[in-house]
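Nothing in this text is a laboratory measurement; each read-out follows from the coordinates by a stated rule. Remember, predicted model here, so these are calculated numbers, not experimental data. With ideal geometry, Cβ positions are generated from the backbone for all residues, glycine too; neighbour counts draw on all protein chains shown.
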Amino acid sequence: MKKRLLVLDCSFQGLSLMVGERSSDGQRCHWIYHQHLPDRRGSAEDFNALWQLACAQIPGLSVQDLDGVAVGKGPGSFTGVRIVLSWAAGFALGMGHERWLGFNTLELGAQGFARQQSRPMGVLFMSTRDFGFLSLAQPDGTACTLPLKCSGKGEQLAQFALDRACQHGYALETDALLHLSASHTATDFGMPRVNSQQLWQAVTPCLAEQVTVSAYWADQLPEANYMRQSTAEERLQQSSQSS
């Protein structure tokens, strides 16, 4: 029986659904299906439609055919992470068993870029005007993700992110700090830009390796890694502090 796994992510712009097949010894994985919708924010209906499309294109694919589910647990979009985890939890009920892997999409992307360019790389995603996440990686796979609060723009924001990277032992060249942004965003962030599709091209080979390591899998749904409060919670906290 083929060991197939489902991958779901909605932590940044757009949503992704992938299906992978692992070798009989579990040591290798290759992706047999990938659908990425960069202009959708994600909903249960979107994931239902993507799953039905995957079933129509992959012979024999069904819920019972899956050996596990890997989900993007954040950080990233607060709403997107919550949506994908909720949908995955309901979907897994049909599997008859639960086998989960939670991954950090931004960090895997940084690892992929570092591997491609053989030097330390960073990927910055600003989820709000003054708050974001910075993932850093070395070519050997060492990586970390930091919350980043900065009200600066352009070169000021880039320099702030480079300084934070240096503080954590990642000496980045200026062009090694990439900004993750929507393809339609015209803002000049003072650093090279990548869109969510380019990020996923860097993510997939790293994720293919991660899913073959049994230590990453668990029998419980991964907890969300928001690295911040929701906007509503922040406003409520600010209101209580000012009163």
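Return Val81, Val63, Val194 ranked ascending by Cβ neighbour count within 10 Å, so the fewest neighbours appear first. Please list the in-between numbers first.
Details: Val81 24, Val63 15, Val194 20.
So the residues, fewest neighbours to most, are Val63, Val194, Val81.
Taking square-rooted eigenvalues a ≥ b ≥ c of the alpha carbon gyration tensor, is the stretch 106-195 rounded, prolate or oblate, where a/c under 1.5 means rounded and, failing that, a/b exceeding b/c means prolate?
Details: a/c = 1.72, a/b = 1.38, b/c = 1.24.
Prolate, since a/c reaches 1.5 and a/b exceeds b/c.
Only sites in a loop by DSSP and with at most 11 other Cβ atoms within 10 Å count here; which trypsin sites (Lys or Arg not before Pro) in the stretch 77-129 make the cut?
On the way: sites: Arg82, Arg99, Arg115, Arg129; in loops: Arg99, Arg129.
Hits after loop and neighbour filter: Arg129.
Measure nothing but the geometry: give the 0 to 90° angle between the long axis through the Cα atoms of 196-210 and the longest principal axis through the Cα atoms of the chain, rounded to 10°.
60 degrees
For the stretch 106-195, what is the relative contact order in percent, using Cα pairs closer than 8 Å and at least 6 residues apart in sequence?
On the way: 171 pairs, mean separation 23.5, N = 90.
Once normalised by length, the contact order is 26 percent.
What residues from the stretch 164-178 fall in the zone where the backbone N is under 16 Å from a label point 7 Å along the Cα-to-C-beta line of Asp140?
Zone members listed by number: 169-171.
When the helices in the chain are scored as -39500 (n - 2.57) per DSSP H run of 4 or longer and the sum is shared across all residues, what 222 nm value do you end up with, to the nearest 500 deg cm²/dmol? Don't skip to the end; give the middle numbers.
On the way: 6 runs with 82 residues, N = 243.
When only DSSP H runs of four or more count, the value is -11000 deg cm²/dmol.
For Cα Rg over 2.2 N^0.38 Å, which listed value, (i) 0.97; (ii) 1.17; (iii) 1.03, comes from the coordinates shown?
Among (i) 0.97; (ii) 1.17; (iii) 1.03, the one derived from this structure is (iii).
Test of understanding: given the chain, find the longest segment containing no GluC sites (Glu not before Pro) that are in a DSSP loop and have at most 16 other Cβ atoms within 10 Å. Could the numbers behind the result be given before it?
Details: sites that count: Glu98, Glu173, Glu223.
Looking at the chain, 1-97 is the longest stretch - no exposed GluC sites (Glu not before Pro) with at most 16 other Cβ atoms within 10 Å.
With a ≥ b ≥ c the root eigenvalues of the C-alpha gyration tensor of the stretch 38-80, is it rounded (a/c under 1.5), prolate (a/b larger than b/c) or oblate?
oblate
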